[in-house]
1. Considering only residues that are of a type outside the set (A, V, I, L, M, F, W, C) and within 16 Å of the chain's Cα centre (by Cα), look in the range 6-29 and name the one that is least open to solvent (accessible area, probe 1.4 Å).
2. So which residues in the range 1-25 are touching an Asp or Glu at 6+ places or on another chain (Cβ under 8 Å) and either assigned to a helix (DSSP H, G or I) or within 23 Å of residue 74 (Cα to Cα) (or both), if there are any at all?
3. Out of curiosity, is residue 81 surrounded by 15 or more Cβ atoms within 10 Å (Cβ to Cβ) and outside any helix (DSSP H, G or I)?
4. Kindly evaluate residue 1 against the criterion of being of a type in the set (A, V, I, L, M), open to solvent by 60 Å² or more (accessible area, probe 1.4 Å) and farther than 21 Å from residue 80 by Cα.
5. In the range 25-56, what residues are charged (D, E, K, R) and more than 22 Å from residue 68 (Cα to Cα)?
6. Mind checking which residues of the range 38-71 are crowded, with 19+ Cβ neighbours inside 10 Å and more than 11 Å from the chain's Cα centre (by Cα)?
Amino acid sequence: MLAAVRQNGYAMSYAAPGLKTDRDFVLVAVRENGYALGSASTEMRSDREVVLEAVRQNGHALGVACLELQADRQIVLAAVSENGLVLECAAPKLKMGSRDCHCCSGKQRRCSLPLGMGVSG
């Protein structure tokens with residue numbers, strides 16, 4: 001099964017439940033395809049390092065992370081840096097007053113997100 005997720009992280013959806021709670025196995029899967037996080041156990045979707053790896057690979061993984069991590073500034077920034085459109089998955093307190101959420105995709109020089117960090121270019 002490990003060989004399968006190395007080639008395609010989505011293969012984790014066919015893994016035995018025990019593998020979906022195995023941190024090392026889940027990390028391999030989300031590094032290949034971040035959205036594979038959605039097939040991981042609730043415990044793994046609450047693991048900060050696992051979620052950070054997932055959103056770095058695919059920002060949309062933010063939408064399947066636990067609510068607490070959807071409110072984590074560093075994780076949201078990593079997700080939005082990968083794909084600015086995923087700001088919609090962030091906790092409301094991180095979205096207040098934001099506009100032009102696509103700016104963190106690296107296409108613009110300044111970031112208008114309320115995350116307190118800008119993207120320089």
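1. 9
2. 5, 6, 7, 9, 21, 23
3. No; evaluated as a whole, the condition is false for this residue.
4. yes
5. 32
6. 39, 40, 44, 47 - these are the residues of the range 38-71 that are crowded, with 19+ Cβ neighbours inside 10 Å and more than 11 Å from the chain's Cα centre (by Cα).
The values are calculated or read from the model by the stated rules, or taken from the named source; none is laboratory data. Remember, predicted model here, so these are calculated numbers, not experimental data. Quick reminder, even Gly has a Cβ in these numbers, built from the backbone with ideal geometry, and neighbours come from all protein chains shown. Note: areas computed on protein heavy atoms with side chains; ligands, DNA, RNA excluded. Shrake-Rupley method; radii C 1.70, N 1.55, O 1.52, S 1.80 Å.
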